[in-house]
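Please read the structure below before turning to the comments.
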Amino acid sequence: IITAEGPKSNPAGQSRGRASRHAQDVASAKDAWQQANDSAHPDAAPRAAYNLGYLLEKQGDVAGAKDAWQQAIDSGHADMAPQAALSLGVLLEKQGDVAGAKDAWQQAIDSGHADMAPQAALSLGVLLEKQGDVAGAKDAWQQAIDSGHADMAPQAALSLGVLLEKQGDVAGAKDAWQQAIDSGHADMAPQAAPHLRVLRTGKGTHRARRRR
């Protein structure tokens, strides 16, 4: 007879059992995606390659993830290629491969994908700003803004406004922040509003009011 206390009597055994099942599931998933990838099916193979790359990255197999995502990119699949390029860029940046990250994100941007291109443009802008490439960051963020993407466009507008203000381009900063506000985005619009308010009232006036 198994009592209610029974299953709790060996937590270590349960943990090992769950880990074993999880390992089996992961191995099965890898095998399935590898088979689908090897099939060279125009739709199934790129999707499998992307999923395989995601799984391998989670397991810490960086080289394997890179290879899988590169296969998805090389497939030219309308959705999976830019998605893999975006993910590869993130991975390469983490690895310190800035040039590789730039190339991967540029591929995603060049794809013109409605979701992946704006996300890649936003990420590329952040990377370029960190490197001191102001012109490149402006261009990347403007591409994200021009995409009209519901999330990426206002986020890029907010970032562009901050950059332009640092560069002394007050008119440009105002315009960028106004675009973020006009987007009505739940997070970006409220963040842009105070920036724009300070510029419109004048920094000196703003400081004076704070001193009062």
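Here are some notes:
- Sorted peptide list for 168-179, 151-162, criterion being average Cβ within 10 angstrom, highest first: 151-162, 168-179
- Site pair K130 and D67 shows an inter-label distance of 2.7 nm when each label is modelled 7 Å from Cα along Cα→Cβ.
- Start at zero, step by 5 Å, and the Cα-Cα distances of the stretch 124-168 spread as 5, 28, 34, 24, 8, 2 percent across the bins.
- D182/A114 FRET efficiency (R0 25 Å; Cβ-Cβ; nearest 0.05): 0.75
- Cross-link pairs exceeding 20 Å between alpha carbons, from the set K30/K58; K130/K174; K66/K94: K130/K174.
- The share of accessible area on the stretch 79-212 that comes from carbon and sulfur is 46 percent, using a 1.4 angstrom probe.
- The slack between A150 and Q167, meaning 0.36 nm per residue of separation minus the straight C-alpha distance, is 3.5 nm.
- Modelled FRET efficiency - R0 25 Å, A40 with K94, Cβ distances, 0.05 increments: 0.25
- Directionally averaged shadow of the stretch 86-212, computed from the convex hull of its alpha-carbon atoms, nm²: 8.3
- For the stretch 82-130, the solvent-accessible area works out to 40 Å² per residue, with a probe of 1.4 Å and every protein chain left in place.
The values are calculated or read from the model by the stated rules, or taken from the named source; none is laboratory data. Here the structure is a predicted model, which means the values were calculated and not measured. Please note: Cβ atoms are built from the backbone with ideal geometry, for glycine as well, and neighbour counts cover all protein chains shown. Ligands, DNA and RNA are excluded from the accessible area calculation, which covers all protein heavy atoms including side chains. Shrake-Rupley method; radii C 1.70, N 1.55, O 1.52, S 1.80 Å.
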